[in-house]
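Heads up: the structure comes next, in structure tokens.
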């Protein structure tokens, strides 16, 4: 490891297995390693963290009340905010993708958004300050 050199890498998950998380791999030089009893000056710190898909407890009720969504719309919005695709949510909810799109159009109207990315950004910006896992 050269002094001052490090970096970060996103390790994608296997999209066919939606329960697998993406990982962030960070590497940085371990400055003054000998002060910590390590024999070599050339050491690195490697950290692997999971990209969180989690949303706060109570988030579904929060968006339901905030945007006057139906229970089905709030469920869909919450799952989209957690990073799942419309297709994944539809399959997990035992609804067709067409029904999911209908719900999504209603959610767009109620939240005054036009795109799924815009909706997710809005929802994430309204996360309540309490109830985090």
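Please treat every number below as a calculation from the coordinates, not as lab data. Computed from a predicted structure; not experimentally measured. Heads up, the Cβs are rebuilt from the backbone with ideal geometry, glycines too, and the neighbour counts pull from every protein chain shown.
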ask   = Given the Cα atoms of the chain, and with Rh set as the inverse mean 1/r over their pairs in the Kirkwood sense, what is Rg to Rh to two decimals?
value = 1.17
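When only Cα pairs under 8 Å and 6 or more residues apart are kept, what is the percent relative contact order across the chain? Walk me through the numbers on the way to the answer.
Details: 163 pairs, mean separation 25.2, N = 133.
Relative contact order for the chain comes out at 19 percent.
Round to the nearest 0.05 the FRET efficiency obtained for residue 31 and residue 126 when R0 = 35 Å and r is the Cβ-Cβ distance. Please list the in-between numbers first.
Numbers: r = 40 Å, r/R0 = 1.15.
Result of the calculation: an efficiency of 0.30.
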Scaled radius of gyration (Cα, divided by 2.2 N^0.38 Å) that segment 59-125 gives = 0.96
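Tell me what the chain gives for mean residue ellipticity at 222 nm when only DSSP H runs of n ≥ 4 count, each as -39,500 (n - 2.57), the sum divided by the residue total, rounded to 500 deg cm²/dmol.
Details: 5 runs with 53 residues, N = 133.
Here the helix-only value at 222 nm equals -12000 deg cm²/dmol.
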ask   = How long is the gain from residue 105 to residue 24 if the chain were fully straight, where each residue apart is worth 0.36 nm and the alpha carbon distance is subtracted?
value = 25.8 nm
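Quote to one decimal, in nm, the extra length available between residue 86 and residue 8 on full extension: 0.36 nm per residue of separation minus the C-alpha distance between them.
Working: separation 78, 0.36 × 78 = 28.08 nm, distance 2.92 nm.
Result for the pair: 25.2 nm of gain on full extension.
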